[in-house]
Amino acid sequence: MSWIKNFRLRYGLTQSQLARFAGVTRNYIALLEGRSEIPASLERLLVNLEIEFESASAIQEALAPQSHPVQQQKRLSQLLNAIEKKKAQLDRLEKKLASLEIRYANLALFQRVCHSWKTKQQDHDPLIKLKIDFLLAEKKVEMQICGPEALSVIRVSIIRLRSEVESSEYEYQKLSQTYQNTTL
């Protein structure tokens, strides 16, 4: 069994869910599950995802409901604060993702325009190739910063945060019902 399949099964993910986390297609995940080696960029992403799962699991265990009403009230307050912080972080990440997606699209457009311009202007300006290549070299570095891998990392963080918020809200709801029943 491949490392990816073990990872996926350990965390109860379907191929589609893992593909969504990684920003690739389900067919690609299925193809990689049949291989012993996977691309380094995807492996780094999955290692980071595994760290996030372990962290979320540790947090979940630490946040187990308390039996004493005072402890439950304190826990409710902590959960509410954690939910608010996670929602604020989620909002920041979503804005960053939208910004990077726009920047990446603009850089791709810039690249196409430069190539087209270089072809059209070669006869008029003999140095156009050097000028355009210099511009493209600068933009290539920037495209890596906001490219598909960077976008996938942010998407994974967003999905993780959304699930943490849902989990925390569910726990808050469950704990508040328990607290209300014990105080009555």
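The values are calculated or read from the model by the stated rules, or taken from the named source; none is laboratory data. All figures in this text were calculated on a predicted structure; none of them were measured in a lab. Here the Cβ positions follow ideal geometry from the backbone for every residue, glycine too, while neighbour counts run over all protein chains shown.
For region 31-45, which residues satisfy the criterion of being at pLDDT 80 or above, under 24 Å from residue 163 (Cα atoms) and among the aliphatic types (A, V, I, L, M)?
45 - this is the single residue of region 31-45 that is at pLDDT 80 or above, under 24 Å from residue 163 (Cα atoms) and among the aliphatic types (A, V, I, L, M).
Looking at 62, 88, 137 in this structure, which one is under 24 Å from the mean Cα position of the chain (by Cα), at pLDDT 80 or above and closer than 30 Å to residue 48 by Cα? Let's see the steps before the verdict.
On the way: 62 fails: at pLDDT 80 or above; 137 fails: under 24 Å from the mean Cα position of the chain (by Cα).
Matching residue, one of 62, 88, 137: 88.
Give the residues of region 31-43 that are surrounded by 14 or more Cβ atoms within 10 Å (Cβ to Cβ) and out of contact with any Leu (no Cβ under 8 Å at 6 or more places or on another chain), sorted by residue number.
Start the filter on region 31-43 by keeping residues that are surrounded by 14 or more Cβ atoms within 10 Å (Cβ to Cβ), which leaves 32-33, 38, 42-43.
Matches in region 31-43: 33, 43.
Scan region 137-146 and tell me whether some residue there is without any contact (Cβ under 8 Å) to a residue 12 or more places away in the chain, under 30 Å from residue 170 (Cα atoms) and exposed (fewer than 14 other Cβ atoms within 10 Å of the Cβ).
The answer is no, given that none of the residues of region 137-146 is without any contact (Cβ under 8 Å) to a residue 12 or more places away in the chain, under 30 Å from residue 170 (Cα atoms) and exposed (fewer than 14 other Cβ atoms within 10 Å of the Cβ).
Quick one: which residue in 123, 91 is surrounded by 11 or more Cβ atoms within 10 Å (Cβ to Cβ), of a type outside the set (Gly, Ala, Ser) and either without any contact (Cβ under 8 Å) to a residue 24 or more places away in the chain or more than 30 Å from residue 168 (Cα to Cα) (or both)? Break it down into steps so the answer makes sense when it comes.
Working: 123 fails: surrounded by 11 or more Cβ atoms within 10 Å (Cβ to Cβ).
None of the other options fit; the residue is 91.
Could you tell me whether residue 97 is at pLDDT below 80, within 21 Å of the chain's Cα centre (by Cα), farther than 30 Å from residue 180 by Cβ and in a helix (DSSP H, G or I)? Let's see the steps before the verdict.
Numbers: at pLDDT below 80: no; within 21 Å of the chain's Cα centre (by Cα): yes; farther than 30 Å from residue 180 by Cβ: yes; in a helix (DSSP H, G or I): yes.
Answer is no for this residue.
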